[in-house]
Each structure stands twice: as structure tokens, then as C-alpha cells.
Amino acid sequence: MTDKISENGIAVLDITVIDQMTLDLGHDATKEFLEMFQTYVPEALSGIQAAVATRNIGGVVHFSHDLKNSAATMGLMRLSCLCRHIETAADDGKLDEAAELANELPLTMAEALEALTTINAKGT
């Protein structure tokens, strides 16, 4: 699978991360991690959206930080980068900026999940 690049040059997926995970952990463990991530994503999105809606800076930082790291572990660089920006904005007390960035999450997550589904379908 080739990396899909956005206008800002950040790949949706860095396939080398998945390749290395497969080498390190094996096919079955990698597949299990991918499936766990796919299950976690909607929960993380709901957490960020709820925290933004209630202007809970700590919640925004918490959920965006966790999703940032999880996405990076899966090689989902565009999602990880967006979450880093959300986390930084919230951590700096710029909740309106974090909320604006969070509006991009559904589309960015959909792209990430599509990339993982494609990989899973190909057998990692």
C-alpha cells in the first residue's frame, strides 16, 4: 500500500511502522493491535468531543494525548499530528483553537480507519 499524502505532506499511514510491528510481533499480534485500535478510535473521538463541548481542558489534553500516541504506534501519522496540535492548543489554554482542530477529527479518523481496513484486508 502506498502512503496517501495530504496537501501538508503528512501521510495518512506510514506502512513501514506496520511492517516493523509485524516483524517484531508477528502477523497475529499485529492484526490484534490493529483491531484493538479500530475499536478504540470511536471512544477517543467521543471523549475529545465531550471534553471540547464541556470546555474541559484536562479532558481534551488527556484524550488527544492518548489518541496521538496510539495513532503513532499504528503508523497513522496524519491522525497523530492532528492530535498533537489539539493537545498543544488545549495545554496552552487555547480551547477554541483545540475545538476548531477537533472538527477535523472525524474525517482524519475515517481516513486512518480506511487505511487500516485496507491493510487488514491485504493480510498486514
Within the group Thr88, Thr108, which residue is part of a helix (DSSP H, G or I), polar (S, T, N, Q) and within 25 Å of Glu35 (Cα to Cα)?
Thr108
Hey, any hits in segment 36-43 for a residue that's without any contact (Cβ under 8 Å) to a residue 24 or more places away in the chain and surrounded by 13 or more Cβ atoms within 10 Å (Cβ to Cβ)?
no
Of the listed residues (Thr117, Thr108), the one being out of contact with any Ser or Thr (no Cβ under 6 Å at 6 or more places or on another chain), of a type in the set (Ser, Thr, Tyr) and either more than 17 Å from Ile18 (Cα to Cα) or modelled with pLDDT of 95 or more (or both) is Thr108
Within segment 41-57, is there a residue that is out of contact with any helix residue (DSSP H, G or I) (no Cβ under 9 Å at 6 or more places or on another chain), assigned to a loop (DSSP other than H, G, I, E, B) and more than 16 Å from Ala11 (Cβ to Cβ)?
yes
Given the criteria among the hydroxyl-bearing types (Ser, Thr, Tyr), crowded, with 16+ Cβ neighbours inside 10 Å, part of a helix (DSSP H, G or I) and more than 12 Å from the chain's Cα centre (by Cα), does Thr118 qualify?
no
Leu67 touching a Ser or Thr at 6+ places or on another chain (Cβ under 7 Å) and closer than 18 Å to Glu43 by Cα
no
Taking the stated definitions as given, is Ser70 surrounded by 12 or more Cβ atoms within 10 Å (Cβ to Cβ), in contact with a Phe, Trp or Tyr (Cβ under 8 Å, 6 or more places away or on another chain), in contact (Cβ under 8 Å) with a residue 12 or more places away in the chain and not in a loop (DSSP other than H, G, I, E, B)?
yes
Go through (1) part of a helix (DSSP H, G or I); (2) touching a residue at least 12 places away in the same chain (Cβ under 8 Å); (3) within 20 Å of Phe37 (Cβ to Cβ) and name the single condition Leu101 misses.
(3)
Filtering segment 73-105 down to residues that are of a type in the set (Gly, Ala, Ser) and under 30 Å from Leu23 (Cβ atoms), which residue is surrounded by the fewest Cβ atoms within 10 Å (Cβ to Cβ)?
Ser80
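The values are calculated or read from the model by the stated rules, or taken from the named source; none is laboratory data. Computed from a predicted model, the values in this text were never measured in an experiment. Using ideal geometry, Cβ is built from the backbone for each residue, glycine included, and neighbour counts are taken over all protein chains shown.
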